1. Restricting the first residue to segment 21-38 and requiring it to be under 16 Å from residue 64 (Cα atoms), which pairs with a second residue that is aromatic (Phe, Trp, Tyr) and in a helix (DSSP H, G or I) meet a Cβ separation below 7 Å and a spacing of at least six or different chains?
2. Any residue at all in segment 90-103 that is without any contact (Cβ under 8 Å) to a residue 40 or more places away in the chain, more than 16 Å from residue 29 (Cα to Cα) and polar (S, T, N, Q)?
3. Being part of a helix (DSSP H, G or I) and over 12 Å from the mean Cα position of the chain (by Cα) is the filter; apply it to segment 88-115 and report the residue that is nearest to residue 72 (Cα to Cα).
4. Within segment 80-105, count every residue that is within 22 Å of residue 119 (Cβ to Cβ) and of a type in the set (Gly, Ala, Ser).
5. Residues of segment 99-136 being farther than 22 Å from residue 44 by Cα and of a type in the set (Asp, Glu), which ones?
6. Scan (1) within 23 Å of residue 20 (Cα to Cα); (2) part of a loop (DSSP other than H, G, I, E, B); (3) among the β-branched types (Val, Ile, Thr) for the single condition residue 55 breaks and write down its number.
Amino acid sequence: MKTFSLKTGDIKRVWTLIDASEAPLGRVATVIATRLIGKYKPTFTPHVDDGDYVVVINSDKLVVTGDKTEDKTYYRHSGFPGGIKSRTLKEQQGLDSTRVIQEAVRGMIPKNKLSPERMNRLRVFTGEAHDHTAQQPKKLEIK
């Protein structure tokens, strides 16, 4: 018996639609990361990027539990001494709510050569409308 290894020519990508207002941020991010990596597929091969396209809507209606809106902090650094800056989750959602989901998913995918291409397949929108109706994404219910 031989070990199965997926070839790049055999990759079939599916478009998935996820509503971010249905479940908490962590649960939504894990489902998105699993779809981007392709780990739910029986043809999963670690060194081949077999993930799907994911369209996320309603990022402005994101659900978080507990006091995360005030306690969760996003840091960034300019590279200069003393150049660290921070924002709370509430402030970040007010400025750009799509970035909250992107950062949560980025933290859940493996840090390797395949991660930039996987993140490029993630499309996040603030409202109900999105630009990918022509691809006919299949809605995925998150519980």
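1. none
2. Yes: segment 90-103 contains one or more residues that are without any contact (Cβ under 8 Å) to a residue 40 or more places away in the chain, more than 16 Å from residue 29 (Cα to Cα) and polar (S, T, N, Q).
3. Quick first cut of segment 88-115, residues part of a helix (DSSP H, G or I) only: 89-95, 97-106, 115.
Filter again for over 12 Å from the mean Cα position of the chain (by Cα), leaving 89-95, 97.
Numbers: 89: 6, 90: 9, 91: 10, 92: 10, 93: 12, 94: 14, 95: 15, 97: 14 Å.
My answer is 89.
4. From segment 80-105, those within 22 Å of residue 119 (Cβ to Cβ) are 87, 89, 92-93, 95-105; that's our starting set.
Next, from what is left, pick out any that are of a type in the set (Gly, Ala, Ser): 97, 104.
Summing the residues that are within 22 Å of residue 119 (Cβ to Cβ) and of a type in the set (Gly, Ala, Ser) in segment 80-105 gives 2.
5. Residues satisfying the conditions are 103, 128, 131.
6. Failed condition: (2).
So that you can scan it fast, the table gives a plain yes or no per residue for (1) at pLDDT 95 or above; (2) closer than 30 Å to residue 136 by Cβ; (3) within 20 Å of the chain's Cα centre (by Cα); (4) assigned to a loop (DSSP other than H, G, I, E, B):
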site	(1), (2), (3), (4)
18	yes, yes, yes, no
22	no, yes, yes, yes
30	yes, yes, yes, no
51	yes, yes, yes, yes
86	yes, no, no, no
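The values are calculated or read from the model by the stated rules, or taken from the named source; none is laboratory data. This structure is a prediction, so every number in the text was calculated from the model and none was measured. Neighbour counts are summed over all protein chains in view; Cβ atoms, including those assigned to glycine, are modelled from backbone coordinates with ideal geometry.
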